[in-house]
Amino acid sequence: MGYRLSVVVVGLNIMTKGLVKYLRSKDCSLKQREPTTDNRQPNAGFTMIEIIIAIGILAAMMVSVTEFTTNILNRKVKNDDRMQMHHTVSVAVNKITDDLRMAFIVDSKFQGKDSVYKTGFIGEESRMDFSTMSNVHFIKNKKDTDQIHVGYVAEKNEKGHLDLKRRQTDYLEDKINEGGHSLLLIKNMSQFALEYYDSNKEEWKKKWDTESISAAGKLPQIVKIKVGVLQIFDEETEKEPKKEPKEHYYEFLAEIPMYNTKISF
């Protein structure tokens, strides 16, 4: 864009110098003319050709400035969209990390009769549900507790992309992966992949269940999270065809401090 603008400026400069030289040769400058013997006004105006040339130069300048300004504004909009997307992912990552950092399990005798206050961790390749103590109380006198169930799942939206949703209950219930209300965290994703690190076998696993024999009633030590987010551009126009969505990939690790601890009194 800078090269094109330089070419336009050079061209306009050459045209302007040529026009000035032409006007001087025609004695159309602003210097005072000799008085005439009759009462007619001196012919100090421009010819039609000179006016057309001036209008053409002005039009070329307006087109160049308009195109330059439009490109700047379009780039600003795209940069703002990208920065907003990065901010959204950052907020979601912080929330997921906070929930996993406070994940916990308790001994079976503290889960109530018939395990009505279930704790544990159920993880799949694109979904995880677990008990955590990360609940923050915002509403006065609301019947909620610090210990809740939280779930993260990627679901398809109307465009065929994935939306990351966070599910939360108000207190511990009898099922870890059901109930509560959901909130949209990230929209238009290309992927949401999860892996769980087994500290005993020192390997990554695609699934995790605290009630399984392999998990031995423990939590994963680390959860690896891969997120792919699509930056979707505006609809196509006559001058610019519609662009394919640009993918941005993020990968981070969230550690669970109490992975090897079962709360008991």
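Observations on the structure shown:
- Residue within the stretch 169-184 that is assigned to a strand (DSSP E or B) and either touching a His at 6+ places or on another chain (Cβ under 9 Å) or closer than 23 Å to residue 257 by Cβ (or both) present: no
- Odd one out for residue 153, checked against (1) modelled with pLDDT of 95 or more; (2) assigned to a loop (DSSP other than H, G, I, E, B): (2)
- Considering residues of the stretch 173-218 that are crowded, with 19+ Cβ neighbours inside 10 Å and farther than 20 Å from residue 251 by Cβ only, the residue modelled with the lowest pLDDT: 215
- Selection count where residues are within 13 Å of residue 230 (Cα to Cα) and of a type in the set (Asp, Glu), scope the stretch 71-92: 1
- Residue satisfying condition, being under 30 Å from residue 212 (Cα atoms) and assigned to a helix (DSSP H, G or I), within set 99, 80: 99
- Leading residue by the ranking (farthest from residue 167 (Cα to Cα)) among those in the stretch 62-76 that are of a type outside the set (Gly, Ala, Ser) and surrounded by 12 or more Cβ atoms within 10 Å (Cβ to Cβ): 65
- The number of residues in the stretch 204-222 that are within 35 Å of the chain's Cα centre (by Cα) and among the aliphatic types (A, V, I, L, M) comes to 2.
- Selection of the stretch 113-150 for residues being touching a residue at least 60 places away in the same chain (Cβ under 8 Å) and part of a strand (DSSP E or B) yields 121, 122, 123, 127, 128, 130.
- Of the residues making up the stretch 193-203, just one is over 21 Å from residue 97 (Cβ atoms) and either under 32 Å from the mean Cα position of the chain (by Cα) or assigned to a strand (DSSP E or B) (or both), namely 203.
- Subset of the stretch 219-255 that is modelled with pLDDT of 90 or more and surrounded by fewer than 12 Cβ atoms within 10 Å (Cβ to Cβ) - its residue that is nearest to residue 177 (Cα to Cα): 251
- When 187, 142, 118, 159 are checked against the criterion of being over 21 Å from residue 219 (Cβ atoms), of a type in the set (Lys, Arg) and touching an Asp or Glu at 6+ places or on another chain (Cβ under 7 Å), 187 stands alone in meeting it.
- The set of residues in the stretch 156-168 that are over 21 Å from residue 130 (Cα atoms) and either of a type in the set (Phe, Trp, Tyr) or in a strand (DSSP E or B) (or both) comprises 156, 162.
The values are calculated or read from the model by the stated rules, or taken from the named source; none is laboratory data. Owing to the predicted nature of the structure, the values given are computational and were not obtained by experimental measurement. Every residue, glycine among them, receives a Cβ derived from its backbone with ideal geometry; neighbour counts consider all protein chains shown.
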